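K.L.:
Take a look at this one; I'll ask things after.
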Amino acid sequence: MLNSVETIDKIFDLITDNSAGYNSLSSFRAINLFFEPSTRTHYSFKIAEQNLGMKQISFTPESSSIQKGESFYDTVKVFENFGVDVLVIRHSDNEYFQKLKHKIHIPIINAGAGTKSHPTQTLLDLYTIKQEFGSFKDLTVGIIGDVLHSRVANSSIKIMQELGMKIVISGPPEFIQNKENFVPFPDILKICNVIIMLRIQHERHKDKFDIEDYNSKYGLNSKNIKIMKPNTIIMHPGPYNRGVEITDEIIESKHSRIFTQFKNGVIVRMATIRFVLQENISIFDL
Ligand code: CP
């Protein structure tokens, strides 16, 4: 079995050779089972599947038999038996794939699990960083904001460290559980090559989080980005709270690679689908 770094290398090799992938999976069928809202991940998977020539089945939980009490596992089992070749699943349960392990016998791609993992976002972020800097070694990556509720941070930190990057984090104290790599804001901006801003995830908070003054304390704006190194890039997995963790002008600034991330989402997901089918991966995670 491949480890995370070997998996990333293989997927990046497939991206280099992405032209070979166009329409190469026309005999395959995919279904995207999104039990949580999504724009970037859901629709970039759809476009990736279209680019690969795959047949797609659409699914909306609101009009499915889940409304009659059918379980998550029973729903997935239906699609396995319909002859679908790849399942792409997003779910609010951190461990949803445990319910499917050894019981579903077609590849499952994790498109986001609760606050725990979002491996294809990690892949597209890594690919965006590699495009920019050529390699990962000796880069300092700052992850800033609602780290506690971020499946992006949870998925990425360990792997980025394995790839030779130094990780530093910052944000409101209530969102930083592990203070090990903490650097106060805005000082963190001075030392990073890559800054990943995270969304305040109101939907995952038990109590309402007050965002008044957030931008001046922990967000990027045209004033505080002046202390960054000149070639620092700014990323955000999206969706963003404009004027909170990031202001309008930063999203569109020359440092921003946010729109590149959206673009890379499609090619990374094309390569991931090819990878899970080639390698017969049961559950894709990193
Ligand atoms: N980055 C991300 O997962 O965005 P969506 O929730 O829109 O898919």
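The values are calculated or read from the model by the stated rules, or taken from the named source; none is laboratory data. Small disclaimer: the values here were computed from a predicted structure and weren't measured. Here Cβ is always computed from backbone atoms with ideal geometry, including for glycine, and neighbour counts include all displayed protein chains.
K.L.:
In the stretch 248-266, what residues are part of a helix (DSSP H, G or I) and either over 15 Å from residue 195 (Cα atoms) or without any contact (Cβ under 8 Å) to a residue 24 or more places away in the chain (or both)?
P.N.:
248, 249, 251, 259, 262, 263, 264, 265, 266 - these are the residues of the stretch 248-266 that are part of a helix (DSSP H, G or I) and either over 15 Å from residue 195 (Cα atoms) or without any contact (Cβ under 8 Å) to a residue 24 or more places away in the chain (or both).
K.L.:
In the stretch 22-43, which residue that is without any contact (Cβ under 8 Å) to a residue 60 or more places away in the chain and not aromatic (Phe, Trp, Tyr) is farthest from the ligand (Cβ to nearest atom)?
P.N.:
So the residue we want is 27.
K.L.:
Could you look through the stretch 2-35, keep only residues that are of a type in the set (Ser, Thr, Tyr) and not in a helix (DSSP H, G or I), and pick out the one that is surrounded by the most Cβ atoms within 10 Å (Cβ to Cβ)?
P.N.:
Looking at residues that are of a type in the set (Ser, Thr, Tyr) and not in a helix (DSSP H, G or I), I get 24.
K.L.:
Looking at 207, 187, 146, 138 in this structure, which one is crowded, with 19+ Cβ neighbours inside 10 Å and among the acidic types (Asp, Glu)? I'd like the intermediate steps shown before the answer.
P.N.:
Values: 207 fails: crowded, with 19+ Cβ neighbours inside 10 Å; 187 fails: crowded, with 19+ Cβ neighbours inside 10 Å; 138 fails: crowded, with 19+ Cβ neighbours inside 10 Å.
Unique residue meeting the criteria: 146.
K.L.:
Exactly one condition in (1) within 16 Å of the ligand (Cβ to nearest atom); (2) in a loop (DSSP other than H, G, I, E, B); (3) within 22 Å of residue 94 (Cβ to Cβ) is not met by residue 209; state its number.
P.N.:
Unmet condition: (1).
K.L.:
So is residue 130 more than 16 Å from the ligand (Cβ to nearest atom) and at pLDDT below 95 or not?
P.N.:
no
K.L.:
What number of residues within the stretch 148-170 are part of a loop (DSSP other than H, G, I, E, B) and at pLDDT 95 or above?
P.N.:
Qualifying residue count, the stretch 148-170: 3.
K.L.:
Another question, if that's okay. Quick one: residue 56 ticks every box in (1) assigned to a strand (DSSP E or B); (2) within 20 Å of the chain's Cα centre (by Cα); (3) not hydrophobic (A, V, I, L, M, F, W, C) except a single one, so which number is it?
P.N.:
Checking residue 56 against (1) assigned to a strand (DSSP E or B); (2) within 20 Å of the chain's Cα centre (by Cα); (3) not hydrophobic (A, V, I, L, M, F, W, C), the one that fails is (2).
K.L.:
Continuing with this model, one more query. Just checking, which of 77, 101, 46 is free of Cβ contacts under 8 Å to residues at least 40 places away in the same chain and surrounded by fewer than 17 Cβ atoms within 10 Å (Cβ to Cβ)?
P.N.:
77
K.L.:
How about the stretch 240-286: which of its residues are farther than 14 Å from residue 107 by Cα, surrounded by fewer than 16 Cβ atoms within 10 Å (Cβ to Cβ) and small (Gly, Ala, Ser)?
P.N.:
243, 253
K.L.:
Is it the case that residue 269 is within 16 Å of the ligand (Cβ to nearest atom) and assigned to a loop (DSSP other than H, G, I, E, B)?
P.N.:
Numbers: within 16 Å of the ligand (Cβ to nearest atom): yes; assigned to a loop (DSSP other than H, G, I, E, B): no.
Against the criterion (within 16 Å of the ligand (Cβ to nearest atom) and assigned to a loop (DSSP other than H, G, I, E, B)), residue 269 does not qualify.
K.L.:
In the stretch 225-239, what residues are within 16 Å of the ligand (Cβ to nearest atom) and part of a loop (DSSP other than H, G, I, E, B)?
P.N.:
Scanning the stretch 225-239 gives 236, 237, 238, 239.
K.L.:
On to the next question. Just to check your reading of the model, which residue among 279, 203, 245 is out of contact with any Phe, Trp or Tyr (no Cβ under 6 Å at 6 or more places or on another chain), within 16 Å of the ligand (Cβ to nearest atom), charged (D, E, K, R) and in contact (Cβ under 8 Å) with a residue 40 or more places away in the chain?
P.N.:
245
K.L.:
If residue 234 satisfies all but one of (1) touching a residue at least 60 places away in the same chain (Cβ under 8 Å); (2) buried (at least 18 other Cβ atoms within 10 Å of the Cβ), what's the number of the condition it fails?
P.N.:
(1)
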